[in-house]
Amino acid sequence: METGQGNEVGSGSGSKARFRSICVFCGSRSGNRPSFSEAALDLGKQLVERNINLVYGGGSVGLMGLISKTVYDGGCHVLGIIPTDLLPNEISGETIGDVIKVADMHDRKSEMAKHADAFIALPGGYGTMEELLEMIAYSQLGIHHKPVGLLNVDGYYDSLLHLFDTGVHQGFIEDSARHIVVSAETAAELLRKMEHC
């Protein structure tokens, strides 16, 4: 995986943005709480304000559809990466932005990582968590040196963060590796923290 270069485009805050593109892992469903959809929309708006492009799973439904449409409508580039077998499940109607079709999930994650300068996970299911955990493991192994963030909407990831802490306390995760993951409850706070990683 390649390490991306920092974004040289001005952000909404007047400072230089660190990221040109961020890969967002999220559900192809919207979940049961309106706050999950609101968080996806807010993250999309925050990316647009900072002129950060989106790399994502390529779907047009659920949280994937919300964030991709928000970023695309805001004028930033959207790149979706989707395995051909998932096309009938994750795309409803027209695709959003550019779409790269790949053979399988492994190729999807590899392509997403190649095009992103950082990673954020919104709430999602097994696929979202698997993608997130792979990026955390790759960071621990030194395969990439890109920030990894969790948008912990309504405490969705509290149990996962507690599991990471348990791994440290039980001697399976180094304390330094526990700090690979940056978490926050809002998109603006998470992006601020990631920009200082």
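The values are calculated or read from the model by the stated rules, or taken from the named source; none is laboratory data. What you see is a predicted model, and the numbers here were worked out from it, not measured in a lab. Positions of Cβ are generated from backbone atoms using ideal geometry, with glycine treated the same way; all protein chains shown enter the neighbour counts. Just the protein is used for accessible areas: all its heavy atoms, side chains included, with ligands, DNA and RNA removed. Shrake-Rupley method; radii C 1.70, N 1.55, O 1.52, S 1.80 Å.
Structure notes:
- Looking across Glu8, Glu2, Glu49, Glu38, one residue alone is over 15 Å from the mean Cα position of the chain (by Cα), at pLDDT 95 or above, open to solvent by 70 Å² or more (accessible area, probe 1.4 Å) and closer than 23 Å to Cys197 by Cβ. It is Glu49.
- Each residue in region 145-172 was checked for being touching a helix residue (DSSP H, G or I) at 6+ places or on another chain (Cβ under 8 Å) and in contact (Cβ under 8 Å) with a residue 12 or more places away in the chain, and 14 of them qualify.
- Meets criteria (modelled with pLDDT under 95, of a type outside the set (A, V, I, L, M, F, W, C) and more than 22 Å from Glu189 (Cβ to Cβ)) for Lys101: yes
- Unique residue being touching a strand residue (DSSP E or B) at 6+ places or on another chain (Cβ under 7 Å) and in contact (Cβ under 8 Å) with a residue 60 or more places away in the chain when the list is Gly97, Gly58, Gly124, Gly80: Gly124
- Residue that is nearest to Met112 (Cα to Cα) [pool: residues in region 140-166 that are out of contact with any Gly (no Cβ under 9 Å at 6 or more places or on another chain), hydroxyl-bearing (Ser, Thr, Tyr) and open to solvent by 10 Å² or more (accessible area, probe 1.4 Å)]: Ser159
- Filter pass, Gly31 being under 22 Å from Lys114 (Cα atoms), in contact (Cβ under 8 Å) with a residue 12 or more places away in the chain and in contact with a helix residue (DSSP H, G or I) (Cβ under 8 Å, 6 or more places away or on another chain): no
- Of the residues making up region 11-30, those that are at pLDDT 95 or above, open to solvent by 40 Å² or more (accessible area, probe 1.4 Å) and farther than 19 Å from Thr95 by Cβ number 1.
- Residue pairs whose Cβ atoms lie under 9 Å apart, sitting 6 or more positions apart in sequence or on different chains, and linking a residue in region 184-197 that is basic (Lys, Arg) to a partner that is surrounded by fewer than 19 Cβ atoms within 10 Å (Cβ to Cβ) and not in a loop (DSSP other than H, G, I, E, B), are Arg192/Ala184; Lys193/Ser183; Lys193/Ala184.
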